[in-house]
Amino acid sequence: MQDFYGRAAEQPQAGLCCPVSYDREDIAHIPQDVIDRFYGCGGPMSLAGVRAGETVVDLGSGAGIDVFIAARKVGPTGRAIGVDMTDPMLGVAGQNKENVAQALGYDVVDFRKGYLEDVPVEDASVDLVTSNCVINLSPDKPRVFREMWRVLRDHGRIVVSDIVADGPLPPGLKVNVHLWGECISGALPEDEFVAELEKAGFYGVAVLKKEFWKEVEGHNFFSVTVRGYKFQKKAGCVFLGHRAVYLGPYVSVGDEEGHLFPRGQPVEICTDTVAKLSHAPYHGSFAILEPGVDVPAAFAAACGPGCC
């Protein structure tokens, strides 16, 4: 894969992976040299809700387009880090770093050589991890997901775009070297992709966008953008009497840990679950009742007609 994408860095290849159009405003500060060497399958930065001051890591950053977009969004108080294993791609990114800094009026970009399975970033130091059509290239995807989880701060998030299949792929398709480079042979079935994220510890996993890409040998392939959150469970989790009330709109919802929350009904929860439900993506969907507090009239009013 290093040679494959090394050649793509030296000579742009139109149509490698699936074409994506970026918002003009997002790339106005980025040199054409970088844009011409974009080989992703989505736009994770546009769906990630990047905030000023955040630290963002983009895995498989290539020529740096998503890192440079992140740099604009995080502003002068944030950080945008790109990680890639391919020297020619890192060379293109490095050559354009100064031009981007001049266009923005500040420099918060850092490119590092490394692998998806061994990310050169400190533990619990990142607010957001993104990637754009590179997870399918890894032979050890569970390790990639664990590395993403490791570098994130508690309640940090991933927003990743990648290629998934509509079902398991046959052995012959999995060993096609050329199709590996085109993001086909390494694609996981969509349900397995989500399941592996949850096994790695991510919660609140959601498919934000899904588009058909193409059919190969009777198998359909899709570009998906998926979001998930990190929550570090604490050894001292205890039940103190907290309760959570799901506000709707569904009749009930269940979480990854087996809790069932009927709409409008107080459910006893431990201190870990209090912390989890108080942050994205659940924040605003639950009322958290402190120990010993009855359902207040104010909550009943907020619940709305037919909620309980």
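The values are calculated or read from the model by the stated rules, or taken from the named source; none is laboratory data. Remember, it's a predicted structure, so these values are computed and weren't measured experimentally. When we count neighbours, we look across all protein chains shown, and the Cβ atoms used for this are built from the backbone with ideal geometry, even at glycine. Note: areas computed on protein heavy atoms with side chains; ligands, DNA, RNA excluded. Shrake-Rupley method; radii C 1.70, N 1.55, O 1.52, S 1.80 Å.
Counting Lys +1, Arg +1, Asp -1, Glu -1, what net charge surrounds Asp107 among other residues with beta carbon under 14 Å of its beta carbon?
Around Asp107, the charge tally is +1.
Report the antiparallel proportion of the DSSP beta bridges in segment 169-285 as a percent, rounded to a multiple of 5.
Counting DSSP beta bridges with both partners in segment 169-285, the antiparallel share is about 95 percent.
What lysines sit close enough to Lys230 to cross-link, taking a C-alpha to C-alpha distance under 28 Å and skipping anything fewer than 8 places away on the same chain?
Filter leaves Lys73, Lys113, Lys141, Lys199, Lys209, Lys210, Lys276.
Could you grab the relative contact order for the chain? Cα pairs under 8 Å, six or more apart, rounded to a whole percent.
14
Quote the FRET efficiency, to the nearest 0.05, computed for Leu208 versus Gln102 with a Förster distance R0 of 45 Å and r equal to the Cβ-Cβ distance.
0.85
With a Förster radius of 35 Å, plug the Cβ-Cβ distance of Ile288 and Asp123 into 1/(1 + (r/R0)^6) and report the FRET value to the nearest 0.05.
It comes to 0.75.
Roughly to the nearest percent, how much of the accessible area of the chain is carbon and sulfur, given a 1.4 Å probe?
52
May I ask for the angle, rounded to the nearest 10°, between helix 190-199 and the longest principal axis of the chain, with both axes built from Cα atoms and the value confined to 0 to 90°?
That works out to roughly 60 degrees.
Enumerate the calculated ³J(HN,Hα) couplings along segment 45-50 in order (Karplus 6.51 cos²θ - 1.76 cosθ + 1.60, θ = phi - 60°), each rounded to whole Hz, writing x wherever the residue is Gly or Pro.
With coefficients 6.51, -1.76 and 1.60, one gets 5, 6, 10, 8, x, 4 Hz.
Tell me, what HN-Hα J-couplings in whole Hz come from the Karplus equation 6.51 cos²θ - 1.76 cosθ + 1.60 at θ = phi - 60° for each residue of segment 91-107, using x for Gly and Pro?
x, 4, 4, x, 5, 9, 4, 5, 4, 5, 4, 5, 5, 7, x, 7, 10
Tilt of helix 65-74 relative to the longest C-alpha principal axis of the chain, in degrees (0 to 90, nearest 10)?
Helix 65-74 sits roughly 40 degrees off the main axis of the chain.
Which whole-number percent is the relative contact order of segment 109-214 (Cα, under 8 Å, 6+ apart)?
Reported relative contact order: 27 percent.
Would you mind calculating the relative contact order of segment 165-308 from Cα pairs under 8 angstrom and at least 6 residues apart, reporting the percent as a whole number?
18
Of Val267, Pro76, Ile30, which is farthest on the positive side of the dipole of the chain, counting Cα position, with +1 on Lys and Arg Cβ, -1 on Asp and Glu Cβ, and the Cα centre as origin?
Farthest towards the positive pole: Val267.
In µm²/s, what is D for segment 144-246 at 37 °C and 0.692 mPa s, where D = kT/(6 pi eta Rh) by Stokes-Einstein and Rh is the Kirkwood radius from Cα pairs?
Rounded to a whole number, D works out at 211 µm²/s.
Keeping all protein chains in place, calculate the accessible area per residue for segment 183-234 (probe 1.4 angstrom), answer in Å².
Result: 44 Å² of accessible area for each residue.
Given the options Val160, Val274, Val50, state which has the largest fluctuation in a GNM of the chain using a 10 Å cut-off (strictly under) for Cα springs.
Looking only at Val160, Val274, Val50, the biggest GNM fluctuation is shown by Val274.
If amide H atoms are built 1.01 Å from N in the plane of the peptide, which residues on other chains or at least 5 residues away come under 5 Å of the amide H of Val216?
Phe221
Please give the per residue accessible area of segment 34-166, computed with a probe of 1.4 Å over protein heavy atoms only, in Å².
Counting only protein heavy atoms, the per-residue value for segment 34-166 is 33 Å².
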